[in-house]
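Novice: Submitted below is the structure of interest, expressed as C-alpha cells.
The values are calculated or read from the model by the stated rules, or taken from the named source; none is laboratory data. Just so it is clear, the model here is predicted, and its values are computed rather than measured. Glycine also receives a Cβ, built like all others from the backbone with ideal geometry; neighbour counts cover every protein chain displayed.
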Amino acid sequence: MTTVEFRKDLFADERDDTLHEIGKPTIRQDILGHVTGRTPYFDDHLFDGLLHMRAVRSPHHHARIRNIDTSRAAVMPGVRRVVTARDVPVNLNTLLSLINFGRDDEPLCAHDKVRFLGETVAWIIADTERQARDAVAQVRVDYDPLPHVLDVEEALKPGAPLVNEVYPNNTFDYHGKYDHQKLRFGDVNAAFARADHIVEAEYQMSPIEQAPIETCGAIAAPEQNGRYVCHTNTQALFFSLGTTAKLLDMASSRLHFIGGTSGGGFGGKVDSIVEPTAVLGAVLTGRPVRFTWDRYEEMQVGAPRGGERWRIKDGVMADGSIIAREFTGFFDSGAYMRLSPYAIIKAAGHLPGPYSIPNIAANVFCVVTNRTPATAMRGFGITAADFAIECHMDRVSEVTGVDPIALRLKNAYRDGDMKAHRRVAKNTALIECCQVAAGKAGWPLSADLAAMTSLGGGQGDRALIPETATDEEGRIGERRAGRAPDTAPSKRPTGRVAAGQAGQAVVAVPVQNEDMQIEVDRIGHAIAASHGAPVASPAPTYARQAIAPQRTGADIVPPRPAAPPQAAPVAASRAAPPAYAPPSQQAAPSAYAPPPAAPTPPASPQAAPPAEKPYQPDRPFSRGVRKPGTSPFLSGTRRR
Amino acid sequence: MAIHRGRGFACINYPIGMNLGGDPAQALVHSTPDGKFMVALSAIDLGQGMKSVTRQIAAETLGVPVEDVYVDTADSDTGPHDMGSFASRGTHRVGNAVIRASAEARKQMMEAAADELEVNAADLTTDGRGNIHVKGAPSRSITVADTATAAQFKQGRTLSGRGIFLIPPSDADPDTGEMTPVTCFAHAALVIDVIVDDETGEVEVTEINSAYEVGRALNPRLVEQQLIGGAWMGVSHALYETTEPYYPDRSHGPEDFNTYLMPGPGQIVPHHIAVLERPAEDAPFGGKGPGEMCANPVLPAIANAIYNAVGVRCDRLPITPEKVLRGLQANGGARPQGGNNGATQGGSMPQGQR
C-alpha cells in the first residue's frame, strides 16, 4: 500500500498555492491512448515494401578486422543490400560534438578493428527480418584477436592494451590538461592530520540495463524532394537528427524526424544509433527500412548505465563533524566516450553530496575499456556516487557513535553555505526531508535536531571559500608513461589558491522581449524571500525585464582578508568573458595554475553539423548467434 | 537460522538540468480561431508525463482551462528545437520555454480582448475558466473564444507566442573543479525496513517511509507516479539488476527478461510518501522535476538496512543473496546491530514467523 501526503505546511510562505492549473491532478493528455493500446509508437508506421535491417556483430572484445567476406550473404534469399563501413559517409562521431564537447571517437560501423563484444561490423537489409538474420549468419569476418582490458584500474596501467586510438591513454582528456577531472576545496591532507578518525571504503556499481519495454528502434523512408522521414523512439529528437545529418553528411533540412512518444527510455534512448542506421538503409535502398534492436541487443549491446568505482576517505571529529572528504572515482565508459565524460563533470560538481564539509578533494576518471559503451540512465553521474556517499555516512556514524540521521543533520548543507564547486547553496531542503522521513518512520530525533532548518546556514566559515591546496598530478600521458602511479588526490600539493577565489554564477538568458515575461505575480512563488542566501538575482528568469544579457552575480563570494594580491585580477579576468560566448570545453585555461603548454585542440568534425544538436547513438544488435529467436516486441502480425 | 529485521536511512540532493548548461529548449504556442491553444514542442514523453506537465504550464500561463490546450510533440518539421528528455531537464527547460511562449501569446490575447472591450489591456485579467474580464468588474467580460475569433477575423492579429530557455554553457576549472553546475536541486530522505534471511541471504524490503522535496508538484498524480516507480527502480537496482553479474568479467550476462532480474508488480514495497515543495526561483512555477532523483536514495538505504539487520557491509551492487551469504560467512554469522532507530524491536525471529 502506498500513501502520499503533501506537506503544504512546509515552505508555505515561499509558495502561491492559489494557481488554477498548476498543482491539480489533471489526467494525462495521452493516457487513454496508452491504456487502450491506441497510442501510435514508432513501430506502428507501416510502409509498403518495408525492408528490415540487421547488424553483423563482433564476437570479440578486441580484434583487428582482416577481412569481411559478404559474398555468400549477398546472394541469400531476400537480401537487398549488404552495408559496410564504406557506405557510411562520415564514419566517426562523438555524441556531444554538437555541444562542442569531446573528440570524434566512434564509428557507426567498425572498419579497422572492433573494440567491444557486439560492435557492428556490417549490416544486411532484406525483405524480412528472418531473411536478414539468416544472411547475417553468412557474413564471414576474419578477425585477429587483440589483448583486451575490462577493468578500469587495469586500463590505467602503463602496459594496458590501447582500446581507442583517439584516446591513447585510455582516459578522457580533461581540459587538454589532466587525465581526470579534479575538484579541490580547502586542504584535505591538513585536515586528515588533525581528524580524530579516518574512515575509508570502496564502493562498486555494476552496469545496469535501462530495460524499457520498447527496445530502441527507428523506421526511415524516402519522402519527396530528397528528404527522408524517420519515425523514432529517441529521447532526444534533435540530437538524433543532428547526429544522423553528421554521419550521413546530409543537410539537416533533408531529415524529417517524428517521435515524441516512447515506450520507456530511462536514458537508454539518447545514443542515436538506430536513427542514422535506418536512414542510411533508406538512402542506400530507396525503400523504407526498419532497424530495431531485439531484446538481446538491448540487454547486451545497447549501452547500459556504466560501472562505477568510488573510494571515499573521510576525516571526522569525535562529535561527528566531517572536516575532510576525499574521493577517487572511476567511470567505466566502455570502448567509446558517448556521454560519460560529461557525466563525470556532473559528478564532480555534485561532490561531496548534500553536506557542508570544509575540505574536499576528488579525482574522477573516465576510463576507456573493451566493454559495451556506457550511456545515460536515470540519475546519470549521481546514482553510484550517492550510493557510496550514503553508505559511507553510515560507516562514519558507526565509528563516531552518532545516530545516522543526527550525523547527516549535523553535516547537512543549508542556504548560504559555500559548496565545493565554489557557488553558494540556496533553495536547500535536506534538513526538512530528513526530519519528515524520520517522523513518518518513528525514528526518534532530539528536540535540537527536530528544530533545525535549512534557512539558517552560511554562518562563519560555512559561507567562505578556504585557501585551497592544488597539484598538477595526472597530466595527460603521465600515467601511461609510468610517471603518475597514484589515482587518489595528491598527498603533496604543489600550489595554493588564495581563500575567497571564485568566479560568478551563470544564470539563465533573460527573455528576448518583454512580452515573453510572465507577470511576477503569476509565477507562483515568492521571489527573494526573506530567507536564504545572498540572493542578488532572486529571479533572473522572471523578475528581470528584458535586460542586456549578462552574468548576474548571484553568488557573491565574500573573500577572506588574507587573499594575496593576485586574487583580484585573476577573479576579474574570469568574470570578463562575455556571458554567451560558449567556452571551449576542451582547452579551458585555468585561473589557478599556469596555462598548459599546448592544450589539445578540439577535434573538428569532418562535416560541421547544422545548428541542431544531435546526440549520441547507442548500438545495434549482435550477430544473433546467441539468441536467434525473434522478439515478440519486434515483429508481429501487424507488420508485413 | 533466522530472519532479521533491519532499518536503514539515506538522504540525497539531485541536480536538475544539464550540468553546465548549453541545453536550450524552445516552444511555440498559437490559438485556433475559436480560442483553443496548441503548444508545439520537440520534447519527448517517455511516460514521465511531459505532454501533460507542459499542457498545465501553458494553461496556467495563458490563463485558460487546461481542456483548451493541446500539446503536439515531437515532429522536427513543426516543433522547434529542444535538446531532449534527459538530465531532469524536461520540466525545467521546456517548462520555462512554454511559460515564455504562453506569456507572449497571453499578451496578444489580452490586447485583442482589450480592443473588443474598449478598455486598457492592463486592466484585464483571466478567470481561468475561459473568460477575460475587467479587474474588479467580472461582468465586463469577453470569452477567450470570442477574443480569438475577433483577433483572427476582425483584427487581423495572431494569438501566438515563442519561447526559448537557455542556461548559457559554462566550463569547469581543470585545477579546482570550480563550476556553475545546475541551478536547482531536488532533495530526498528515506527510511527503509528490510528483513534478511541468514540461511538464504535473501533480502526483502518491507516498508519505505520517505520525504521528497520537488520544488512544486506541478501535477501531484504525476509526482506520485514518479516516486512510486522510482522507489521500485531503486529496490531493483539495489538487490537485482545488472547486465554483468561478475563485473568486470562479462560472462553470465542476462539476455532477456527471464534472466535479467527485477521485482514484479507484486513486490512493490509499501511506501509512505511525504512531498515537500520549496519552489526554485528559476524553475517553472518552482517545479524541479522529481523523476531522476527519486531512485537514488533507495540503494544506500537498503545497504544500510542490511548492515543494521545482519552486520554485513554490502558495498558492491547489486546486493545478491550470494554476496549477503558470503558476508555472513566471513563474519561467522549474523550480527544484528540494533540501535535507537524506531524500528520494531525484537529484530530477529525464527524462519516462518515473519
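Novice: Can you name the number of the only condition in (1) in a loop (DSSP other than H, G, I, E, B); (2) without any contact (Cβ under 8 Å) to a residue 60 or more places away in the chain that A:MET377 fails?
Specialist: Every listed condition holds for A:MET377 apart from (2).
Novice: Give me the residue from the stretch B:194-251 that is in contact with a Leu (Cβ under 8 Å, 6 or more places away or on another chain) and among the charged types (D, E, K, R) and, out of that set, surrounded by the fewest Cβ atoms within 10 Å (Cβ to Cβ).
Specialist: This residue is B:ASP249.
Novice: Still on this structure: Checking the condition closer than 24 Å to A:ARG57 by Cβ and part of a helix (DSSP H, G or I), which residue from A:ALA132, A:ALA122 passes? Reasoning before the result, please.
Specialist: Values: A:ALA122 fails: part of a helix (DSSP H, G or I).
Answer to the selection: A:ALA132.
Novice: A further question follows. Would the stretch A:438-457 turn up any residue that is at pLDDT below 95, more than 10 Å from chain B (Cβ to nearest Cβ) and either within 26 Å of the chain's Cα centre (by Cα) or in a loop (DSSP other than H, G, I, E, B) (or both)?
Specialist: yes
Novice: Mind listing whichever residues of the stretch B:1-57 are facing another protein chain (nearest Cβ under 10 Å), free of Cβ contacts under 8 Å to residues at least 40 places away in the same chain and over 28 Å from B:ALA238 (Cβ atoms)?
Specialist: B:LYS51, B:ARG55
Novice: Give me the pairs: first residue in the stretch A:281-304 and more than 9 Å from chain B (Cβ to nearest Cβ), second residue at pLDDT 95 or above and part of a helix (DSSP H, G or I), beta-carbon distance under 6 Å, and six or more apart or on different chains, which are they?
Specialist: Short answer, once both residue conditions are applied: A:VAL289/A:ALA278; A:VAL289/A:GLY281; A:VAL289/A:ALA282; A:PHE291/A:VAL274; A:PHE291/A:THR277; A:PHE291/A:ALA278.
Novice: Among the residues of the stretch B:264-274, are any over 12 Å from the mean Cα position of the chain (by Cα), surrounded by fewer than 24 Cβ atoms within 10 Å (Cβ to Cβ), at the interface with chain A (Cβ under 7 Å from one of its Cβ atoms) and in a loop (DSSP other than H, G, I, E, B)?
Specialist: Checked against the condition, which is being over 12 Å from the mean Cα position of the chain (by Cα), surrounded by fewer than 24 Cβ atoms within 10 Å (Cβ to Cβ), at the interface with chain A (Cβ under 7 Å from one of its Cβ atoms) and in a loop (DSSP other than H, G, I, E, B), the stretch B:264-274 yields at least one hit.
Here's the yes/no breakdown for (1) in contact (Cβ under 8 Å) with a residue 24 or more places away in the chain; (2) assigned by TED's automatic domain parsing to the domain that holds B:ILE319; (3) within 26 Å of A:LYS419 (Cβ to Cβ):
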| site | (1), (2), (3) |
| --- | --- |
| B:ILE195 | yes, yes, no |
| B:GLY201 | yes, yes, no |
| B:ASN209 | yes, yes, no |
| B:GLU213 | yes, yes, yes |
| B:GLU241 | yes, yes, no |
| B:TYR247 | no, yes, no |
| B:PHE257 | no, yes, no |
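Novice: What tally of residues in the stretch A:9-25 results from selecting those that are exposed (fewer than 13 other Cβ atoms within 10 Å of the Cβ) and facing chain B (nearest Cβ under 7 Å)?
Specialist: Here the count works out to 1.
Novice: For the stretch A:483-525, give me each residue that is of a type in the set (A, V, I, L, M, F, W, C) and farther than 30 Å from A:ALA190 by Cβ. Step through it out loud before you land on a result.
Specialist: As a first pass, look at the stretch A:483-525 and keep what is of a type in the set (A, V, I, L, M, F, W, C): A:484, A:488, A:497-499, A:502, A:505-509, A:511, A:516, A:518, A:520, A:523.
Passing the criteria: A:VAL506, A:VAL507, A:ALA508, A:VAL509, A:VAL511, A:MET516, A:ILE518, A:VAL520, A:ILE523.
Novice: Follow-up. Filter the stretch B:289-312 down to the residues that are part of a loop (DSSP other than H, G, I, E, B), small (Gly, Ala, Ser) and within 11 Å of another protein chain (Cβ to nearest Cβ) and list them by number.
Specialist: Across the stretch B:289-312, the qualifying residues are B:GLY291, B:GLY311.
Novice: Here are the criteria: (1) more than 14 Å from chain B (Cβ to nearest Cβ); (2) in a loop (DSSP other than H, G, I, E, B). Tell me which single one A:HIS61 does not satisfy.
Specialist: With respect to (1) more than 14 Å from chain B (Cβ to nearest Cβ); (2) in a loop (DSSP other than H, G, I, E, B), A:HIS61 is out only on (1).
Novice: Got a number for residues in the stretch A:1-49 being over 15 Å from B:GLY286 (Cβ atoms) and not in a loop (DSSP other than H, G, I, E, B)?
Specialist: 12
Novice: Looking only at the stretch B:313-330, how many residues end up being within 12 Å of chain A (Cβ to nearest Cβ) and within 13 Å of B:ASP197 (Cα to Cα)?
Specialist: First pass over the stretch B:313-330, keeping only residues within 12 Å of chain A (Cβ to nearest Cβ): B:313-320, B:323.
Those left that are additionally within 13 Å of B:ASP197 (Cα to Cα): B:320, B:323.
Of the residues in that region, 2 qualify.
Novice: Here's a check for you: in the stretch A:24-36, which residue that is free of Cβ contacts under 8 Å to residues at least 24 places away in the same chain and within 30 Å of the chain's Cα centre (by Cα) is farthest from B:GLU60 (Cα to Cα)?
Specialist: A:HIS34
Novice: While we're here: Every residue in the stretch A:235-256 that is at the interface with chain B (Cβ under 10 Å from one of its Cβ atoms), under 19 Å from A:ASN91 (Cα atoms) and not hydrophobic (A, V, I, L, M, F, W, C), please.
Specialist: Answer for the stretch A:235-256, where residues must be at the interface with chain B (Cβ under 10 Å from one of its Cβ atoms), under 19 Å from A:ASN91 (Cα atoms) and not hydrophobic (A, V, I, L, M, F, W, C): A:SER240, A:GLY242, A:SER252.
Novice: Is there a residue in the stretch A:508-519 that is in contact with a helix residue (DSSP H, G or I) (Cβ under 8 Å, 6 or more places away or on another chain), without any contact (Cβ under 8 Å) to a residue 40 or more places away in the chain and in a helix (DSSP H, G or I)?
Specialist: yes
Novice: Would you mind finding the one in B:GLU116, B:GLU60, B:GLU111 that is charged (D, E, K, R), part of a helix (DSSP H, G or I) and within 9 Å of chain A (Cβ to nearest Cβ)?
Specialist: Of B:GLU116, B:GLU60, B:GLU111, the one residue that is charged (D, E, K, R), part of a helix (DSSP H, G or I) and within 9 Å of chain A (Cβ to nearest Cβ) is B:GLU60.
One line per residue, one yes/no per condition, for (1) closer than 25 Å to B:THR54 by Cβ; (2) in contact with a helix residue (DSSP H, G or I) (Cβ under 7 Å, 6 or more places away or on another chain):
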{"site": "B:GLN152", "(1), (2)": "yes, no"}
{"site": "B:GLY156", "(1), (2)": "no, no"}
{"site": "B:ILE167", "(1), (2)": "yes, no"}
{"site": "B:GLY177", "(1), (2)": "no, yes"}
{"site": "B:ILE192", "(1), (2)": "no, yes"}
{"site": "B:GLY201", "(1), (2)": "no, yes"}
{"site": "B:GLU207", "(1), (2)": "no, no"}
{"site": "B:ARG221", "(1), (2)": "yes, no"}
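Novice: Go through the stretch B:19-49 and count every residue that is in the same structural domain as B:GLN152 (by TED's automatic domain parsing), farther than 17 Å from B:ARG100 by Cα and among the aliphatic types (A, V, I, L, M).
Specialist: Total satisfying the criteria: 2.
Novice: Moving on to the next point. Please go through the stretch B:9-49 and give me each residue that is β-branched (Val, Ile, Thr), part of a loop (DSSP other than H, G, I, E, B) and more than 30 Å from A:ALA412 (Cβ to Cβ), ordered by number. Give the derivation first.
Specialist: We begin by selecting, within the stretch B:9-49, every residue β-branched (Val, Ile, Thr); these are B:12, B:16, B:29, B:32, B:39, B:44.
Right, trim to part of a loop (DSSP other than H, G, I, E, B) and you get B:16, B:32, B:44.
Across the stretch B:9-49, the qualifying residues are B:THR32, B:ILE44.
Novice: Can you tell me which residue in the stretch B:279-288 is surrounded by the most Cβ atoms within 10 Å (Cβ to Cβ), limited to those that are of a type in the set (A, V, I, L, M, F, W, C) and at the interface with chain A (Cβ under 7 Å from one of its Cβ atoms)?
Specialist: If we filter the stretch B:279-288 for residues that are of a type in the set (A, V, I, L, M, F, W, C), which is where we start, we get B:280, B:283, B:285.
The next check asks that each one be at the interface with chain A (Cβ under 7 Å from one of its Cβ atoms); those that pass are B:280, B:285.
Values: B:ALA280: 26, B:PHE285: 30.
This residue is B:PHE285.
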